[in-house]
Amino acid sequence: MTFSPRIVGFMCNWCSYAGADLAGISRIKYAPNLRIIRVLCSGRVDPYVVLTAFQKGADGVLVAGCHPGDCHYISGNYQAEKKMKATWKILSKAGIDQERLGLEWISAAEGQRFADVVNSFTQLITELGPLQADPQKIASAKEETADFRIRWLVGREKDLLEEGNVFGEPVEEAVFETLLDDVVSAQYIRNSILTVLKEQSMSAKELAETLEIPSHVVVEHLIHLRRGQKVHMVEGHPIRYEVSAW
Amino acid sequence: MSKSEPRIGVYVCHCGLNIGAVVDVAAVAQYAQTLPGVVVSRESTYTCSDNGQRSIQEDIENHNLSRVVVASCSPRMHGDTFMKTCETAGLNPYLFEMVNIREQCSWVHTDKEQATEKAKDLVRMAVAKVRLLEPLEKQKSAVNKAALVIGGGVAGIFSALYLANAGIKTYVVEKKPSIGGHMAQLDKTFPTLDCSLCILSPRMADIGKHENIELITYADIENISGYAGNFQVTVKSNPRYVIKENCRLCGVCAEKCPISLPDEFNMGLKKRKAVYIPFPQAVPNYYLIDAGHCLHITKGGCMLCQKNCPNDAIDFEETEAVRELNVGAIIVATGFELYDATQKKEYGYGRYPNVITNMDFERWVSADGPTHGKVVRPSDGAPPQRIGFIQCVGSRDEKEGAVYCSRICCMATVKQATMLREKYPSAEIYVYYTDMRTPGKGFEEFYQRGREHGIVFIRGKPGEIEEDDNHNLLIVSEDTDSGLILRNTLDLVVLACGLRPPEALEELAQKLHLSRSPDGFIMEAHPKLRPAETSISGVFLTGCVQFPKDIPDTVAQSGGAAAMAAALLTKDEIELEPVRAAVDEELCIGCGLCEENCDYGAIEVKKTEEGMKAQVIEVACQGCGVCAASCPQKAVTVRHFTDGQLLAQVTAALEPEVIV
Ligand SMILES: Cc1cc2nc3c(=O)[nH]c(=O)nc-3n(C[C@H](O)[C@H](O)[C@H](O)COP(=O)(O)OP(=O)(O)OC[C@H]3O[C@@H](n4cnc5c(N)ncnc54)[C@H](O)[C@@H]3O)c2cc1C
Ligand code: SF4
Ligand code: SF4
Ligand code: FES
């Protein structure tokens, strides 16, 4: 049998969900793979929920909201975009093709467009094949979507770009992107370390081998994690690390 | 989560053949019966019919159901219907969940097996969610039965009068010293050529003396908080330094005042003094002192006005006054600003004396204007014999930042050209246009009459205007109809400037949390069906602040805005949707991300005994859930769309065997 992907969709009540209704009223046919979850606004879609979908076996996740400027709640779709952009970065760290997370603007008047979007997204995911990501990587990525530093950066993006940093200098978009990239990368490694250590304690060298990253990088992050009291050392030879209860 | 195991009833609808022809309804209903917590599962031909609804209600009573799932059409279609069904039977309406197996299943799929599988999945997802739903109560909030109209142009004037005549206490706040707006500056109005002030000034006077209207002029909106039915507005009015009751309009003060300034009402074509009245029909009708230019206020001394006023009307002690208004509804009517023609360098406005704008023209042609209604060449006062109008100046011009058509300038030009024709029967009058747009009652007829009276319409926008030593204007243009290059030397050129959103609109929009469309005007709640409402409940919209329009359309929209405000204000209380954010203070660390990302100012981080904690202003919250998706602590969630509920749906969609 050919592969039939499992796709979860989050549609905002006011535009995209209504666009899906219009596709129905107009009897426009489209692929049956999508399972829609209605939210009031695309801005409600928490990257954590998106990663949970991937973790539970979704091959693709489609988030849809109103066109820019049309969000029923002013700027929810802009917020969704910020969050999904960060989620794309996080996904690629976990080795998941970014394209598996779709973000589309579909208005209540675009029944045909809704069907077209669903069809092309379904086809894309079919071509990408079943999601075969390492469960441990997905788990780390999921933890990362809940990470304070990333949420803080994403939540302050507009402010940083428009109003500026503490010196009142607006941050350039490119600089912001780099900053976010750095934080996402660092945080991804830390989450991976924590995910592995939750299973069993390990030395820095073993961690480096398991995660396939240079040991000096592992050590650097272990120092951070120890400072944040996320892990502690177990005396012995070699010194092993263990997750701290908190 | 409810303590005891929920008792769920599932109703799968055939919708006649609409669903039944594609989805195996019986199979879906049987499947639902196997899901945890489901105590009744039934098929129904038309669940929304009286019979269908009664069967749900009977089950709620007989089977003691604590949750209901209906799998039928879109919740946008019948969600409210079934919520009421539950409520009537004594079940909290928020313990209901709807599954859309018509619009999003049977109508869009053809393969019966696949459609049936999808319907089962969707039912399972709903059952997973409904188990976690919590009862919610609609809160009521008392309505403050007063209205605020911001802006006193024709839009604000008419909406205020409609409201006041319906018995509603109405405040009008106007930035300038007098109400009237741009219409007060117009000489005549198209297409009937009524005298503008003759039709407007009686209404302005009504505003001044209406028992239900309180007019606050020369004032700014400082702050707005609250929500539909209950807004608090802080208004600051500037001192006028003149006592209204004492001023008899004799004008002695202005005669004595040594400071002469450009008169804004006359587009700077006349002078006024530092103590002045904006125009004779101004409302309120008394003098004021322009503090920025008054010699006494800026440098000290002078006081000639006070010394000479026979009625002791000058009061230099007056200070600004700050007031709090409590209103239930707000109408935004702050109008437009004329495009600044000096931006369009190639036409030389501001450099060539004989290039004027359409608004300048209105003042030149007015009996109250600089020449008592004689249109002349500003450079030498001679009557013009060759006159050109250029359309779309600052409109339909991407380079100038406005791709839209300002809608009124074509007709304003036809009006002005017609008036010129009356005054100068032998003058040559040319109109350089892109497209003539005449969509309005009597507009096309008015335009055709203009053509019959020898006004020459040339399709093609001139690239540039040059001036000779005698201040004559040389225009080269291409007539795009004939392809000919036309050279014309003119005495006077009128620029048909477009309408722009007022400069201070951004600030006001932010105070009110209103969004603006890409053109910069305020965005209406729906472009077709809700043109006089905004995205914020209780805030309405009329006139050019929504988009350029003429006076009849403005007045019509004012009626609409007033009717909608009145519909809100005649209620004693309004029901507030309970789907709103809620904070778990134990988890909240007071980081403020929610506050920062909420478009409604509906969540605030406040000092509590436990430190800084976010608190939801329930009545302002719209339930969008942006805060919940931003919070790094999972401390804030939105009722009815909680993390737990969304995750349950996700899980049910993907792991059929697990239902939490
Ligand atoms: C040259 C020209 C000729 C025209 N000729 C015609 C015609 O012949 N026939 C016709 O039907 N239409 C004509 N129009 C269009 C007409 O002027 C508008 O339809 C009308 O003025 C719109 O009224 P309004 O109240 O929306 O805006 P405005 O007239 O701009 O009034 C807005 C009011 O709000 C006040 N305001 C602004 N910001 C604030 C604030 N933040 N707080 C408080 N108050 C504020 C302003 O001071 C002003 O008093 C013409 C327009 C132009 C430019
Ligand atoms: S975002 Fe979350 S933790 Fe931060 S203040 Fe708001 S509720 Fe509290
Ligand atoms: S749900 Fe939306 S409106 Fe309500 S507090 Fe959160 S962000 Fe603001
Ligand atoms: S309501 Fe559709 S994206 Fe916000």
Take the solvent-accessible surface of the protein heavy atoms, probe 1.4 Å, and return the percent of it on segment B:270-413 that carbon and sulfur atoms account for.
51
Can you tell me the accessible area per residue over chain B, all protein chains present, probe 1.4 angstrom, in square angstrom?
42
On the protein heavy atoms, probe 1.4 angstrom, tell me the percent of accessible surface of segment B:580-638 carried by carbon and sulfur.
46
Rounded to the nearest 10 degrees, the helix B:643-654 long axis (Cα) sits at an angle to the longest Cα principal axis of chain B of 60
Could you work out the helix-only [θ] at 222 nm for chain A, with each DSSP H run of four or more residues adding -39,500 (n - 2.57) and the total divided by the number of residues, to the nearest 500 deg cm²/dmol?
-16500 deg cm²/dmol
Honestly the protein assembly as shown on the Cα gyration tensor test (a ≥ b ≥ c root eigenvalues; a/c under 1.5 rounded, otherwise a/b vs b/c for prolate or oblate) is just prolate
Result for interface chain B to chain A, accessible surface buried in total, 1.4 Å probe, Å² to 100, stands at 4700
Relative contact order of chain A (C-alpha contacts under 8 Å, at least 6 apart) in percent is 19
Accessible area per residue, 1.4 Å probe, Å², for segment A:95-164: what's the number?
45
Which whole-Hz couplings ³J(HN,Hα) result when phi for each residue of segment B:218-234 is put into the Karplus expression 6.51 cos²θ - 1.76 cosθ + 1.60, θ = phi - 60°, listed in order with x for Gly and Pro?
6, 9, 10, 7, 8, 7, 9, 9, x, 7, 3, x, 7, 9, 10, 10, 9
Considering amide H positions built from the backbone, and no H for Pro or chain starts, which residues 5 or more places from B:Ile458, or on another chain, come under 5 Å of its amide H?
B:Val431, B:Tyr432, B:Tyr433
Give, as a single signed number, the net charge of other residues whose beta carbon lies under 13 Å from the beta carbon of B:Cys105, with Lys and Arg counted +1 and Asp and Glu -1.
0
In segment B:1-43, which trypsin sites (Lys or Arg not before Pro) are in a loop and have at most 13 other Cβ atoms within 10 Å, using DSSP for the loop call?
B:Lys3
Accessible carbon and sulfur surface of chain A relative to its total accessible area, %, 1.4 Å
52
DSSP beta bridge pairing in the protein assembly as shown, given as percent antiparallel to the nearest 5:
45
Summing Lys, Arg as +1 and Asp, Glu as -1, what charge do residues with Cβ under 15 Å from the Cβ of B:Gly300 carry, B:Gly300 excluded?
+1
Run the dipole for segment B:553-660 about the Cα centre, Lys and Arg Cβ at +1, Asp and Glu Cβ at -1, nothing else charged, and hand back the magnitude in debye, nearest 20.
120
What trypsin sites (Lys or Arg not before Pro) does segment B:513-563 have in DSSP loop regions with at most 15 other beta carbons within 10 Å?
B:Lys528
Under the 0.36 nm per residue contour assumption, what length would be gained going from the current alpha-carbon distance of B:Tyr46 and B:Gln139 to full extension?
30.2 nm
So for the pair B:Lys399, B:Lys299, with labels modelled 7 Å out along Cα→Cβ, what separation do we get in nm?
4.4
Once each part is reduced to its C-alpha centroid, what is the distance from segment B:397-475 to segment B:348-369 in angstrom?
15
Taking the dipole about the Cα centre of the protein assembly as shown, with the C-beta of Lys and Arg at +1 and of Asp and Glu at -1, give me whichever of B:Pro552, B:Tyr227, A:Leu40 is farthest to the positive side.
B:Pro552
With n ≥ 4 as the cut-off for DSSP H runs, can you work out [θ] at 222 nm for chain B, using -39500 (n - 2.57) per run divided by the number of residues, rounded to the nearest 500?
-8000 deg cm²/dmol
Between beta-carbons, use under 13 Å as the cut-off and find the net charge around B:Thr438, counting Lys and Arg +1, Asp and Glu -1.
+2
Could you work out how much longer the chain between B:Val322 and B:Ala26 gets when fully extended? Use 0.36 nm per residue separation minus the Cα distance between them, nm to one decimal.
99.7 nm
Accessible area drop of at least 30 Å² (1.4 Å probe, protein heavy atoms): which residues of segment B:92-106 qualify, relative to the chain alone?
B:Glu103, B:Gln104
Tilt of helix B:50-62 relative to the longest C-alpha principal axis of chain B, in degrees (0 to 90, nearest 10)?
50
For chain B, which span is the longest to avoid every loop-located (per DSSP) member of chymotrypsin sites (Phe, Trp or Tyr not before Pro) having at most 15 other Cβ atoms inside 10 Å?
B:317-660
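The values are calculated or read from the model by the stated rules, or taken from the named source; none is laboratory data. Nothing here was measured: the structure is a model prediction, and the numbers come from that model. In this analysis, Cβ positions are derived from the backbone assuming ideal geometry, glycine residues included, and neighbour counts consider all displayed protein chains. For the accessible areas, the whole protein counts, side chains as well, though only heavy atoms, and no ligand, DNA or RNA atoms are used. Shrake-Rupley method; radii C 1.70, N 1.55, O 1.52, S 1.80 Å.
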